[in-house]
Amino acid sequence: MARKNILTQGLKKQALALYQSGRPHEAVAVLQRVCDKDKGDAAAWSLLGTIHASQQAYPEAEQCFSRVVSLQPTSADAHYNLARCLELQAKYDAAEAAYRRALKFGSARQPDTCNNLGNVYRQLGRYEEALAYYRQALTAEPRHVLALNNQGVALQALSRFEAARDSYGAALAVKPDYADPHYNLGNLHKAQGRYDEALAAYDAALRIDPQHPQAHWNRALTLLALGRFDPGWQEYEWGFAAGERSSAYSPYPLWDGKPLGGRGILIQSEQGIGDEVMFAACIPDVMGAAGRCVVECDPRVTTLFARSFPGAVVIDRAKDDQQAWLSRVPDVDVKISAGSLPRIFRPAADAFPKHHGYLVPDPGMAAGWRDRLDQAGPGMKVGISWRGGGNARGQGLRSLALEAWRPVLQTPDTVFINLQYDARPEELEQVRWELQVTIHHWGEADALSDLDAYAALLAGLDLIVSVDNSAVHLAGALGRPVLALLPHAADWRWMLDREDSPWYPSVKLLRQPNPGEWGAVLNRVVSEIQSAKG
């Protein structure tokens, strides 16, 4: 037994030496031998988990630390290490429970544990609970720079901007060369519409950490909002490193923007439907430059894109089976992600074409919808959508309750059509009951499943009134008249202090005069509808 223990200790020391000398894979192999022989060696499992975690192999690390927890159920460090792996895999509910167990068993890393638990609650959108744990961390360690910075992020999410600014300032007072508080100050300035100050803060972060992907990404969005397209699109490429952009794997080299000649090109989809539709404005430019153009897109717009760009080959977005998807790609020579096209084709404001719509609805379906709209009654046919945003915070900024549309819905000689994909029956019924107004709802035009039918409906409407969501993009790409209702600090693509959009000439932008004030915007909608009627 003693000889076995000596051998085991020797192997663990060998593994640690290999790891410390930059040979983690060899260290893992040695430790795996130890763990296979003695499944009760908690120290070996813990070191193996640590090495896996250092290589970002978090599922493997989770298995190791789970074994340690089963062997040492009252070890605060074991629970902490497990929680950290779970957090890094976005398994937030499980991470919360593991961090709480670490605190219960008296973690020696209490400030770090409280800070990380705050981060978990922040990711879950539970900002007040997050703040409570950041405060616990700071009570134990007042100069805990991570907790100071993270506290600022939570305060900012709650729109407590001055307190957030103070928290970032406190973090920088402790650690002046910490890039993240500068970056977060940039986000705070951007959220308040102070774009020059935002750029200065991002630049400060990048002087400290030139490879900070999120600072580059948000700097890109700020430059684009300011209409500084050329540098903005260059920075936009950092979206891949920042985790904001992604395209499916394909083996072709990236197109560098040089003349294509007769070469074939694959345009790969990225981000959401609104982005796909917006960047599709550049597809005709590519078709004019390439010998062959293959367009990958969301299945919901495949038919619409194929009709609109008949000179291109349009294929569905890649799913799990990469080989099957690649077999459907015709021979091409280079590739580019759709969001990278503006860097080549839209470097300045005068490079945006004054189009009348580049997407083409199905003529038969459009005619059918026009007949149906005529049967809905006399008056102007207006489609409305009132919710947008991909997360809870985004929805809160962009959306407004249907009941707030009362002045619009009471506009005489107007027929309203629902364009909101997740409209609740009780919302529509409340309007019908209280205002005696019917918002026509037709399930066949389902934006979640069939955007071809949805586009055909949009093509038959006299006006589309919508918050910032995919309805604005699709209607603008069809060349239909749109009133886009925007929050005070609107998304970068709508730029600043203007009522028109370089992307969609038929879209008119109506902005909140102050954060949260929709009343003036809706009154403008009433005036615009009345003006359109003459």
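The values are calculated or read from the model by the stated rules, or taken from the named source; none is laboratory data. Computed from a prediction, not measured in an experiment: that's the story for all the values here. Every residue, glycine as well, gets a Cβ built from its backbone with ideal geometry; the counts of neighbours run over all protein chains shown.
Quick look at the numbers
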| item | result |
| --- | --- |
| Test: Arg480 is under 17 Å from Trp369 (Cβ atoms) and of a type in the set (Lys, Arg) | yes |
| All positions within segment 460-493 that are modelled with pLDDT of 95 or more, aliphatic (A, V, I, L, M) and more than 21 Å from Val408 (Cβ to Cβ) | Ala477, Leu478 |
| Residues that are touching a helix residue (DSSP H, G or I) at 6+ places or on another chain (Cβ under 8 Å) and in a loop (DSSP other than H, G, I, E, B), drawn from segment 508-534 | Gln512, Pro513, Trp518 |
| Count of residues meeting criterion [under 18 Å from Gly443 (Cβ atoms), at pLDDT 90 or above and not β-branched (Val, Ile, Thr)] in segment 387-419 | 3 |
| Lone unmet requirement of (1) more than 25 Å from the chain's Cα centre (by Cα); (2) not in a loop (DSSP other than H, G, I, E, B) for Pro505 | (2) |
| Every residue from segment 490-516 that is small (Gly, Ala, Ser) and over 16 Å from Ala220 (Cα atoms) | Ser501, Ser506, Gly516 |
| Candidates Ala164, Ala198, Ala157, Ala205, filtered to the one that is in the same structural domain as Leu221 (by TED's automatic domain parsing), touching a residue at least 60 places away in the same chain (Cβ under 8 Å), under 29 Å from Asn514 (Cβ atoms) and within 24 Å of the chain's Cα centre (by Cα) | Ala157 |
| Condition met for Pro259 (at pLDDT below 95, under 23 Å from Phe352 (Cβ atoms) and over 18 Å from the mean Cα position of the chain (by Cα)) | yes |
| Output for segment 462-502, where each listed residue is of a type outside the set (D, E, K, R) and in a loop (DSSP other than H, G, I, E, B) | Asn469, Leu478, Gly479, Pro481, Pro487, His488, Ala489, Ala490, Met495, Leu496, Ser501, Pro502 |
| Ala215 vs. criteria aliphatic (A, V, I, L, M), assigned by TED's automatic domain parsing to the domain that holds His182 and crowded, with 20+ Cβ neighbours inside 10 Å | yes |
| Qualifying residue in segment 294-304 (condition: free of Cβ contacts under 8 Å to residues at least 60 places away in the same chain, in contact with a helix residue (DSSP H, G or I) (Cβ under 7 Å, 6 or more places away or on another chain), closer than 18 Å to Arg343 by Cβ and β-branched (Val, Ile, Thr)) | yes |
| Condition broken by Ala520, with the remaining ones in (1) over 16 Å from Pro361 (Cβ atoms); (2) crowded, with 20+ Cβ neighbours inside 10 Å satisfied | (2) |
| Residues located in segment 465-493, provided they are surrounded by fewer than 22 Cβ atoms within 10 Å (Cβ to Cβ) and either of a type in the set (A, V, I, L, M) or under 19 Å from the mean Cα position of the chain (by Cα) (or both) | Leu486, Ala489, Ala490, Asp491, Trp492, Arg493 |
| Residue within segment 29-44 that is surrounded by 14 or more Cβ atoms within 10 Å (Cβ to Cβ) and under 35 Å from the mean Cα position of the chain (by Cα) present | no |
| Among (1) exposed (fewer than 15 other Cβ atoms within 10 Å of the Cβ); (2) closer than 20 Å to Tyr454 by Cβ; (3) of a type outside the set (Phe, Trp, Tyr) - the single one Gly311 does not satisfy | (2) |
| Residues satisfying the stated conditions in segment 169-195, i.e. within 24 Å of the chain's Cα centre (by Cα), in a helix (DSSP H, G or I) and free of Cβ contacts under 8 Å to residues at least 40 places away in the same chain | Ala179, Asp180, Pro181, His182, Tyr183, Asn184, Leu185, Gly186, Asn187, Leu188, His189 |
| Qualifying residue in segment 245-266 (condition: part of a helix (DSSP H, G or I) and without any contact (Cβ under 8 Å) to a residue 40 or more places away in the chain) | no |
| Tally, over segment 132-168, of residues that are closer than 20 Å to Tyr178 by Cβ, outside any helix (DSSP H, G or I) and in contact with a Phe, Trp or Tyr (Cβ under 9 Å, 6 or more places away or on another chain) | 1 |
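Let's see how each residue does on (1) more than 22 Å from Gly243 (Cα to Cα); (2) touching a Pro at 6+ places or on another chain (Cβ under 6 Å); (3) surrounded by 21 or more Cβ atoms within 10 Å (Cβ to Cβ); (4) free of Cβ contacts under 8 Å to residues at least 12 places away in the same chain:
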| residue | (1), (2), (3), (4) |
| --- | --- |
| Gly272 | no, no, no, no |
| Phe279 | no, no, yes, no |
| Met287 | yes, no, no, no |
| Asp316 | yes, yes, no, no |
| Arg328 | yes, no, no, no |
| Pro342 | no, no, yes, no |
| Pro347 | yes, no, no, no |
